[in-house]
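Take a look at the structure below.
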Amino acid sequence: MTLLLALVLGAHAQETPAEPAPRAGGPAEPAPEDLPVIKGPEILEYVEAEWPPGTKEAGEEAVVKLRIELDAEGEVANIEVTEPAGRGFDEAAVDAVLAMRFAPAETEAGPVSVVFEFAYGFRFEEAEPEPEAPKPVNLEGRIREMGTRQELEGVTVVVEGTDLTAKTGPDGTFELRGVPLGDVTIRMLSQDHVTVEKIVEVVEGEVSIVDLWLRSNSYRDNEVVGVYERKREEVTRRTITIDEVRRIPGTFGDPIKVIQTMPGAARSPFGTGLLVIRGSNPEDSGVYVDGVRLPLVYHLTGTTSVLSPDLIESVDYLPGGYGVQYGRSMGGVVDVKTKREFSEQGRLVWGTDILDSQLYYEGQIKNAKKPDAPRHQIALAARRSYIDLFVPIFTRDTAFKIKPYYTDYQAKYIAPLPARQHFSAFFYGFEDILKVGTPDDFAQGTDQDTQGDLKTKYASQRIVLTYENQLSDKVVFSTTPSLGYDYSNLGLGDAFKLSNRQVVGQLRAEVRYTPVTGVEIIPGIDFIGGSYYFDFRSAINFESAGDPLAEREPVGFDGRGSFWSPDLFLKANLRPINGEDRLLITPGVRLNSYTLFQGGEITGGSRIAPYTSYQVDPRILTRFEIVKGNTIKAATGFYQQPPQPQEALGIGTQSTVGYERAWNSSIGFEQQLSPAIKWDIDLFYKRFDNLIVFNENFTGSESSAFVNGGNGRAYGMEVIARHEPVGRFFGWVSYTLSRSERQDGPDQPVYLFDFDQTHIFSAQAGYDLPHDIGISAQVQYVTGNPDTPLNAGIYDVDGAFYNGFSVGGQNTERLPAFFQTSLRVDRLWTFKTWQLETYVDLLNAVRGVNPEFRIYNYDYSDSAFVRGLPFIPNIGLEAKFWL
């Protein structure tokens, strides 16, 4: 039976025969019965009416309408049938209402009596159909991405010929119910993947389980992992993505090598790894890895850096205008960051080309008891070259033997700490050996003191610890201690030997304090120190070197000592416009300190008083976004660096060589034309003084080999236009116009810097074709380096050979210009559980004369150019496995 209730259809307070008397002293207040009803009567206990005899069996239905008077206590005072139904329904409805319990109606004054309409219905309830039992799951599966094995979420699975669909969950799984029996076709739809159809057999009484794979529309998109955004603290910072790096021909896929295609970076001879930035010496630029400075970042071949490309997260190139946290350099800075998080899914990479083979692994270690807890993360890498196996093939028809060899390794561990903390331990090292020799029947002239094979070896190891802790919303502390060992040896036959080893400790620590929005204060320390030892032996003494008439005497000495340089710095990042990057002002100051202790044979076997020097570097940088996407920038300040180890040498006396200094200023403009296209221009000027030059009065005893007597300048313009790797195309064009000059003393002539290159043009671009095929190209044009021609020869009677001399000034001529074009074609092959990339790099496919230096005949009456690297077809492959 269904009851039809119409409650309070017209409820109103019951009228009373008399009105209350008004209160004295004021207007009469309305009686409670005159106030509106704000709460209608409510059924507290419902009573179901009895059907009149015989009516239910006969299938009769009825509706009885009543008028009910309810008093202020909720009791039924009166019932009136307003629309009777007869046949006993009226009486049954009245009896049921009288047995019910009601809550009274209320006004603002409280409960009141009311009269309301009420409908009581006698209806048969329609039997609701029994719900159909859900069909059992008879098809389920998991969808993963080919190659990466990544479980795909949100893929739509459609059963052809039916309306059955499903979507995959976070773990890539799906399930379908009631799939028709037999062979059915399912279609998998995903915006980022190729649509795939697969026939699946569904068997009665069984659950068909399928493991399905989708191919990504473009795996190239997954490689753009080197792009990261952070608040700018430098005037000019250029970041390169890993995807771009791997596809530039001529760079061997090395992120650091690509720096040499950036504006402001001069071309290094033979494609070596020398960093000549904005007219400064190679040793004037610093390379940092996770905040720790490396003495050498390239292998001796200059083709690759000492770090695995897969371990590198980003490479920042700062040609100038950088903050006080970077020191001991007058050139540029290359800041390399290794990965701070490794793939949850283990990844193994093996790559090989004509230079070397390398192996890389990264992954996370799950906690079986706490799968959602932070995990231990590790990465391992190793590389071994085999150039020494191939070079003899190309030199078998010559008299020379060249055997370069290198290895490197890296291991990084990241601890499972809370989100506000980070700790990692990074251990890496490398070893390089280069042998150059000639057969016994081939002599380099008749001077026996210059005979023999050349052998050089360099090895280095570092352990770097990194700890960061966000102590509060306003304070972040970070520290990076490290310890390293460096060894080098250079020998020429039995007559010349130079070996050096040193233990180096470094510590970088800083606190980032944000007292208010838009103000960040950063004090810090940048310490480097350690001990050293060197041994030098030569068949030619310093006085006879270069003098064909002087008598020769062998010379040899060793030295040992220690050094330290605890530099302090303080900088501030000021963002006065609502704390945004639209306006950034970064003032800073760095206190440079350098102390050298010397001992050994060079001091007569005793330790002499240390030499200490202090200098102060004030700097200020600023950037201002005039309108959206248009930014002006400027920087000025002093940049000083201590002497190199070989320059801080005093024989029998304490060296007093101090800091070299450069006043560095720049101004520029950047414009973001679109999300993918931007360009910028920089004008720079450097003024050098206190440059370290060779001491003309050096005799090899009781004197310093070098003094602070030089000066110079460098100035120019840099322009770069870049298309980010958005869509199928990427590339950039850079141009540098520059001039760099030196003067070795106040009375000495001004000459061009050895690596001065007036015009430096570089263009590189790549395009993604269908089916994961990529093509890229690089074009470079560079003005030739300055050259000092040796146009006269003096015969050395004792040695029976000619010494070459120049009758003109230093660097008065130039070598011919450098020009080269390189091409690359690559193809990515994707299988279910791994990927294979094959490529061909045609290095120097088109090239000019490209001379690196001159060689002369025996009496220096004629010369010829030695060309740079030849055409090299580099064929390589890289296999990636997801574990």
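Values as computed for the structure displayed
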read-out	value
Selected residue (criterion: modelled with the lowest pLDDT) from residues of segment 807-835 that are surrounded by fewer than 16 Cβ atoms within 10 Å (Cβ to Cβ) and either on the phi > 0 side of the Ramachandran plot or of a type in the set (Ser, Thr, Tyr) (or both)	Thr833
Residues of segment 110-129 satisfying the condition of being open to solvent by 70 Å² or more (accessible area, probe 1.4 Å) and modelled with pLDDT under 85	Arg123, Phe124, Glu125, Glu126, Ala127, Glu128, Pro129
Selection count, segment 731-749, where residues are open to solvent by 10 Å² or more (accessible area, probe 1.4 Å), touching a residue at least 60 places away in the same chain (Cβ under 8 Å) and either β-branched (Val, Ile, Thr) or closer than 30 Å to Val258 by Cα (or both)	3
Whichever residue in segment 343-379 is touching a Lys or Arg at 6+ places or on another chain (Cβ under 8 Å) and aliphatic (A, V, I, L, M) and, among such residues, is farthest from Asp310 (Cα to Cα)	Ile365
Test: Asp859 is in contact (Cβ under 8 Å) with a residue 40 or more places away in the chain and surrounded by fewer than 16 Cβ atoms within 10 Å (Cβ to Cβ)	yes
Any strands (runs of 3 or more DSSP E) falling wholly within segment 130-194 and containing at least 2 residues that are of a type outside the set (Ser, Thr, Tyr) and open to solvent by 50 Å² or more (accessible area, probe 1.4 Å)	137-145, 173-177, 182-189
Failed item, numbered, when Gln421 is tested on (1) open to solvent by 60 Å² or more (accessible area, probe 1.4 Å); (2) modelled with pLDDT under 75	(2)
Residue ID - surrounded by the most Cβ atoms within 10 Å (Cβ to Cβ), chosen from residues in segment 27-59 that are at pLDDT 75 or above and small (Gly, Ala, Ser)	Ala49
First in segment 505-521 and touching a residue at least 12 places away in the same chain (Cβ under 8 Å), second anywhere and aliphatic (A, V, I, L, M) and not in a strand (DSSP E or B), Cβ under 7 Å, 6 or more apart	none
Members of segment 424-460 found to be open to solvent by 40 Å² or more (accessible area, probe 1.4 Å) and modelled with pLDDT of 95 or more, listed by number	Phe427
Considering residues of segment 333-351 that are closer than 20 Å to Gly253 by Cα and aliphatic (A, V, I, L, M) only, the residue most open to solvent (accessible area, probe 1.4 Å)	Leu348
Conditions (1) assigned to a strand (DSSP E or B); (2) modelled with pLDDT of 90 or more; number of the one not met by Lys497	(2)
Set Glu50, Glu91, Glu57: member being assigned to a helix (DSSP H, G or I), free of Cβ contacts under 8 Å to residues at least 60 places away in the same chain and more than 60 Å from the chain's Cα centre (by Cα)	Glu91
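Each row is one residue, and each column tells you yes or no for (1) buried (at least 19 other Cβ atoms within 10 Å of the Cβ); (2) at pLDDT 95 or above; (3) part of a strand (DSSP E or B).
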{"site": "Ser655", "(1), (2), (3)": "yes, no, no"}
{"site": "Ile667", "(1), (2), (3)": "no, yes, yes"}
{"site": "Ser674", "(1), (2), (3)": "no, no, no"}
{"site": "Lys678", "(1), (2), (3)": "no, no, yes"}
{"site": "Glu696", "(1), (2), (3)": "no, no, no"}
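Here's the yes/no breakdown for (1) of a type in the set (A, V, I, L, M, F, W, C); (2) out of contact with any strand residue (DSSP E or B) (no Cβ under 7 Å at 6 or more places or on another chain); (3) at pLDDT below 75:
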{"site": "Phe542", "(1), (2), (3)": "yes, no, yes"}
{"site": "Ala550", "(1), (2), (3)": "yes, yes, yes"}
{"site": "Gly556", "(1), (2), (3)": "no, no, yes"}
{"site": "Phe569", "(1), (2), (3)": "yes, no, no"}
{"site": "Ala572", "(1), (2), (3)": "yes, no, no"}
{"site": "Tyr594", "(1), (2), (3)": "no, no, no"}
{"site": "Phe597", "(1), (2), (3)": "yes, no, no"}
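The values are calculated or read from the model by the stated rules, or taken from the named source; none is laboratory data. On a predicted model such as this, the values are computed, not experimentally measured, just so you know. Heads up, the Cβs are rebuilt from the backbone with ideal geometry, glycines too, and the neighbour counts pull from every protein chain shown. All accessible areas refer to the heavy atoms of the entire protein, side chains included, with ligands and DNA or RNA removed. Shrake-Rupley method; radii C 1.70, N 1.55, O 1.52, S 1.80 Å.
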